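What follows draws every value from the coordinates through simple rules; no lab data is involved. Owing to the predicted nature of the structure, the values given are computational and were not obtained by experimental measurement. Neighbour counts are summed over all protein chains in view; Cβ atoms, including those assigned to glycine, are modelled from backbone coordinates with ideal geometry.
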Amino acid sequence: MLNLVSVGIFGQLFGWIGDLMINALNFFYGFTNSYGLSIFLLTLAVRIILFPLVAKQTRSMKKMQELQPKMEELKKKYEDEPQEFQKKMQELYVENKVNPAAGCLPLLVQMPILIALFRVLQSFEPLKGTSFLWISDLAQPDIILVILTGLIMLGQTQMQQRMSGNAAANNKMMLFMPLLIVVIGFRLPAGVLVYWFTSNLVMVVQQYFLYQEPATIKGESN
């Protein structure tokens, strides 16, 4: 059994979650006999488990985007009354059941799980020499998978900007992350990229349907 060797204040947490991920990976391998398919199924399972947190985070971000016009109205209306502006902003948040910080907590909860899974796949010995689909060795980088992962991240970024109404904004940042993933991806085992690609693909599908939910914005208008 492989154990994570972690250093730092979160070492024990990552180690415990990592060992749990290894057990789950071996469980899926028990009936698939394929580590590539096991990574896919484990990533899918993790994303399904985390969906309530993703939904909370996405809905919070979506609601804040929808509130932006109302916030701009209040900013103009109470430009010379900062205290009244803050009061009205709080009323707007309460009326729409929005907490500006609510989108951060789900992300913080998700990160240890996703980081632990990432680290497990980087050092999982059974991946060496294991093939999956067109990939000859899950422990070695794979150019096609690197490009596919970069493309799915680009698609996710474009979708988020389109849904938020800022499709023309932050074009440099939109390209930066996918390019960064491609650069990093050439140094990562293909097993990690199977996880990364699957995780982002599921995120795209989840966010698409969450952004289809109708807006329910209330508040003061000019």
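For segment 11-211, please report how many Lys pairs fall under 16 Å Cα to Cα, leaving out neighbours fewer than 8 apart on the same chain.
For segment 11-211, qualifying lysine pairs total 15.
Where Rh is the Kirkwood radius over the Cα pairs of segment 11-211, the temperature 37 °C and the viscosity 0.692 mPa s, what D in µm²/s does Stokes-Einstein return?
173 µm²/s
Sorted by mean Cβ packing within 10 Å, highest first, what order do the peptides 38-51, 183-196, 77-90 take?
Put in order of decreasing packing, that is 183-196, 38-51, 77-90.
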